[in-house]
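First comes the structure, then the notes that go with it.
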Amino acid sequence: MEQKPPPHVMVFPLPLQGPLNAMLKLAELLCIGGIQITFLVTDHIHRHFNIQTHPAFLIRTISDGLPENHPREGGKYLEMFESLRTNTRPLFKELLLQSGAGGGSPISCVIADGVLGFTFDVANEVGIPIFDVRTLSAACLWLFYSLPKLITSRELPFIGDDLDEMVKSVPGMGRYLRRRDLPSFCRSGDLDDPSIRFYQTETIENPRACGLILNTFEELEAPILAEMHNVCPNIYAVGPLHAHLKAKLAAFPNSLWEEDRSCLTWLDSQPLKSVLYLSFGSLATLSRYQLMEFWHGLVNSGQRFLWVIRPDSVDWEGRIPVELSQGAAAKEKGYIVGWAPQVEVLAHPAVGGFLTHSGWNSTLESVYEGVPMICWPYFLDQQINSRLVGEEWKLGFDMKDTCDRNVIEETVRNLMQVRKEEFLRRADEMAKSAKASLSEGGSSYSHLDRLIQDIKTKSAQVGKFE
């Protein structure tokens, strides 16, 4: 009998560094599971790849409809989504319809970021099953689902300016959720805020897919996942995605920034659990004032530190501060790089803490490696992630809405000295839970296996295009 070809899945990530990283790892895992992958990225993202090809699957490009000099982030990110919806949609449909025309197997399934709502419409039009992925925390996604309830209960917009007032209308979070832990756009005071209107569509878009794939694990966000099952019955909690591939020698390097690996050599010379690692991710920006507050707080704390400062992350106001131009090595206990191999850094035995922007990839990587955190969130899901770290999981401190050298100094000392053993014990417990979820029979292991089988079943039901 002629052997059937494997399912051919097109994976379409949100064209930003964090979602791209997570979905590349998901694509590699599906390849290992016997699925053929075409990975679709925008032309803009493709031009920024360090490596242009992948040994396991085909990378294809598509236009996002924007000029090359468009920032595609910050206050302009909604313009990118609108351009994708209007300009990329017909191109995406044409790709699906033409797949297989050159002799290869046609696309039999789509996996797309759930924010790209037009992909649901296109997949339905051409008769292909679609699964959606959200690469942020289940908690943040649940907040998006709850936006209509927050509005009808009149908890949005805020009345008064007390950001510490508790939020009561989000099921499963009433114990710890404050106004200040909601996504920052909730502070606008305007229900017509474009971001509020944009994310309200979550209640419509995500349930339309065959299933929802999340980069989390059951033991980490069980209460929230239980609530989400009422809206999306078929959830695959397959995280931490990066850890599924941790032992794979051929894992694809997928950073859009060139990594400075000299920091690993520097870490090799530092004492056990003595270094605080700082990175604010691929999007966050700091003012010169904020940068110097962090600098003085770190130096005054007396702790060793490894600090990632992206070249584009700071408004230098025409000149680089003399403290930084001389290098952190001048202070003997610090080391600064433009970008770092973060997973390897967090796994290094010299690292004892992580001062982070609380992006979900970074949070999961830190949980998996058992590294306590100080959270200084920038926007979106990072606001709730930092609250989970500090209040719900007890893995460190939530330092949102403040940037004062004295607060930074005290918080760093508390994490790295005063309460060091307490946080390391708790982080070790969470790390063991994460690793157990990935072992055979564990929750994430089982969810991934079920996802692969469901993709194969759905793909086998797809007929040829007319």
Dipole of the chain [Lys/Arg +1, Asp/Glu -1 at C-beta], most positive-end residue of TYR199, LEU78, LEU395: LEU395
- prompt: Which of the pairs LYS149/LYS432; LYS149/LYS394; LYS25/LYS149; LYS93/LYS456 have their Cα atoms more than 26 Å apart in this structure?
  reply: LYS149/LYS432; LYS149/LYS394; LYS25/LYS149
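Which whole-number percent gives the relative contact order of the chain, counting Cα pairs below 8 Å spaced six or more residues apart? All intermediate terms of the calculation are to be shown ahead of the outcome.
Working: 802 pairs, mean separation 75.5, N = 466.
Here the relative contact order equals 16 percent.
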message: Taking the 0 to 90 degree range and rounding to the nearest ten, how far is the long axis of helix 443-460 tilted relative to the main principal axis of the chain, both from C-alpha atoms?
response: 30 degrees
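Can you compute the charge dipole magnitude of the range 262-434 about its Cα centre, using +1 on each Lys and Arg Cβ and -1 on each Asp and Glu Cβ, nothing else charged? Give it in debye, rounded to the nearest 20. Walk me through the numbers on the way to the answer.
Values: 17 positive and 22 negative charges, 64 e Å.
Its charge dipole is roughly 300 debye.
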Under Karplus coefficients 6.51, -1.76 and 1.60, residue-wise ³J(HN,Hα) of the range 210-221 in Hz, glycine/proline x: 5, x, 10, 9, 10, 8, 8, 10, 4, 5, 7, 10
Signed unit charges on C-beta, dipole axis of the chain, positive-most listed residue LEU16, LEU58, THR457: THR457
task: Please list the non-local residues whose amide H lies under 5 Å from the amide H of LEU58, H modeled 1.01 Å from N, same-chain partners needing a gap of 5 or more.
output: ILE37, PHE39
- prompt: What does the charge dipole of the chain about its Cα centre add up to, to the nearest 20 debye, if the Cβ of each Lys and Arg holds +1 and the Cβ of each Asp and Glu holds -1?
  reply: 640 debye
- line: Checked against the positive end of the charge dipole of the chain (+1 on Cβ of Lys and Arg, -1 on Cβ of Asp and Glu, about the Cα centre), the farthest of LEU276, GLY117, SER153 is LEU276
statement: The long-range amide H neighbours of MET373, using H built 1.01 Å from N in the peptide plane and a cut-off of under 5 Å, are PHE354, GLY396, PHE397
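What is the magnitude of the charge dipole of the range 389-466 about its Cα centre, with +1 placed on the Cβ of each Lys and Arg, -1 on the Cβ of each Asp and Glu, and no other charges, expressed in debye to the nearest 20?
Details: 14 positive and 15 negative charges, 66 e Å.
Using only the charged Cβ atoms, the result is roughly 320 debye.
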Cα-based helix-to-principal-axis angle, 89-98 vs the chain, degrees rounded to 10: 50 degrees
- prompt: Can you list the residues, at least 5 places off or on another chain, whose amide H is less than 5 Å from the amide H of SER358, using H built in the peptide plane?
  reply: TRP376
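Each reported figure results from applying straightforward, stated rules to the coordinates on display, with no laboratory input. It should be emphasised that the depicted structure is a prediction, and the values quoted were computed from it without experimental measurement. Here the Cβ is made from the backbone with ideal geometry for all residues, glycine too, and neighbour counts use every protein chain on show.
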